[in-house]
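Read the structure below first, then the notes.
The values are calculated or read from the model by the stated rules, or taken from the named source; none is laboratory data. The structure presented is a predicted model; accordingly, all values stated were derived computationally and were not measured. Glycine also receives a Cβ, built like all others from the backbone with ideal geometry; neighbour counts cover every protein chain displayed. Note: areas computed on protein heavy atoms with side chains; ligands, DNA, RNA excluded. Shrake-Rupley method; radii C 1.70, N 1.55, O 1.52, S 1.80 Å.
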Amino acid sequence: MDWDPQKYVEFSDYRSVPFYDLTSRIGGPEPRLVVDLGCGARNLAASLARRWPGAKVIGVDSSAEMIRQARQVQDEPNLEFVEEDIAGWTPPPGVDALTSNAALQWVPGHLDLLRRWLRQVQPGAWLAVQVPDNFDAPSHALMRALAGSQRWSGRLAGVLRHDNAVGSVRDYLQLLLEGGCDAEAWTTIYEHVLSGPDPVLEW
């Protein structure tokens with residue numbers, strides 16, 4: 001899949017809110033090594049670098065287009081970007097905070113991936129991940145039905161994420177607890193007012 005960094009950034013204010021809500025819960029001592037998985041075009045990883053100027057912050061994304069965009073500005077000396085598929089990513093030694101915002105739903109079997117990361121990170125590290133919970137929404141159900149129709153299946157088969165792309169909030173809570181974590185899990189519904197011609201399609 002090709003990503004358009006400019007289009008993605010166009011809606012960054014809306015896309016950023018869950019990330020800030022999530023990462024505001026990270027407490028404890030100042031981290032030394034922070035990784036943002038699925039960092040996109042840099043904005044959110046840069047906010048982590050500004051929040052923790054004494055930490056090394058690494059943004060990881062599988063999209064060459066996103067990483068290219070992310071590297072165009074380097075005004076945070078403690079921030080770097082790596083092009084890598086997070087499905088095969090391994091936490092580096094000493095990581096203190098691991099974040100991922102709206103990326104894991106693209107990774108089949110990511111619950112097992114989370115279990116592996118929990119075994120690999122050091123005690124006391126923070127894991128803060130967010131996945132969308134709207135795959136059962138009418139919009140997504142209609143898109144999947146249309147993509148699978150006789151007219152469009154030849155061009156769109158396999159493009160849309162499956163309807164079980166994410167687990168339930170209880171699945172994630174149970175996974176974290178079984179991994180020995182002090183855990184919180186919650187669901188938030190965000191209502192956005194969009195403007196302009198065909199704003200939902202543009203989104």
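For the range 29-44, the criterion of being under 21 Å from Gly167 (Cβ atoms) and open to solvent by less than 30 Å² (accessible area, probe 1.4 Å) is met by at least one residue.
Provide a single number: the residues in the range 189-203 that are open to solvent by less than 80 Å² (accessible area, probe 1.4 Å) and not in a loop (DSSP other than H, G, I, E, B). Outline the logic, then answer.
The initial filter retains those residues of the range 189-203 that are open to solvent by less than 80 Å² (accessible area, probe 1.4 Å), namely 190, 192, 194, 196, 199, 202.
Add one more test, that the residue is not in a loop (DSSP other than H, G, I, E, B), and what stays is 199, 202.
Number of matching residues: 2.
Residues in the range 172-188 that are under 17 Å from Asp112 (Cα atoms) and exposed (fewer than 12 other Cβ atoms within 10 Å of the Cβ): Glu178, Gly180. Taking the criterion of being touching a residue at least 12 places away in the same chain (Cβ under 8 Å) and under 18 Å from Ala128 (Cβ atoms), the residues of the range 179-195 that qualify are Gly179, Gly180, Cys181, Glu184, Ala185, Trp186, Thr187, Thr188, Tyr190.
Filtered by the rule that a residue be open to solvent by less than 70 Å² (accessible area, probe 1.4 Å) and free of Cβ contacts under 8 Å to residues at least 40 places away in the same chain, the range 153-171 gives Ser153, Leu156, Ser168, Val169. Selection of first residues in the range 101-116 that are under 10 Å from Leu37 (Cβ atoms) and of second residues that are outside any loop (DSSP other than H, G, I, E, B) and of a type in the set (Ser, Thr, Tyr), restricted to Cβ pairs under 9 Å at least 6 apart or on distinct chains, gives the following pairs, ordered by first then second residue: Asn101/Ser16; Asn101/Thr23.
Among the residues of the range 54-76, write down those that are open to solvent by 80 Å² or more (accessible area, probe 1.4 Å) and either within 20 Å of Ser16 (Cα to Cα) or at pLDDT below 95 (or both). Step through it out loud before you land on a result.
The first filter runs over the range 54-76 and keeps only residues open to solvent by 80 Å² or more (accessible area, probe 1.4 Å), leaving 56, 68, 71-72, 74-75.
Correct list: Arg68, Arg71, Gln72, Gln74, Asp75.
Among the residues in the range 135-143, are any surrounded by fewer than 15 Cβ atoms within 10 Å (Cβ to Cβ) and acidic (Asp, Glu)? Yes, the range 135-143 contains at least one residue that is surrounded by fewer than 15 Cβ atoms within 10 Å (Cβ to Cβ) and acidic (Asp, Glu).
Criterion first (assigned to a helix (DSSP H, G or I) and closer than 23 Å to Trp106 by Cα) does Tyr172 satisfy it? Can you show your working first?
Values: assigned to a helix (DSSP H, G or I): yes; closer than 23 Å to Trp106 by Cα: yes.
Yes.
In summary, Tyr14 fulfils each of the numbered conditions (1) within 30 Å of Gly158 (Cα to Cα); (2) open to solvent by less than 30 Å² (accessible area, probe 1.4 Å) with the single exception of condition (2). Filtering the range 17-47 to residues that are touching a residue at least 40 places away in the same chain (Cβ under 8 Å), of a type outside the set (A, V, I, L, M) and not in a loop (DSSP other than H, G, I, E, B) leaves Pro18, Phe19, Asp21, Thr23, Asp36.
In the set (1) surrounded by 13 or more Cβ atoms within 10 Å (Cβ to Cβ); (2) modelled with pLDDT of 95 or more; (3) over 17 Å from the mean Cα position of the chain (by Cα), the condition left unmet by Ile26 is number (3).
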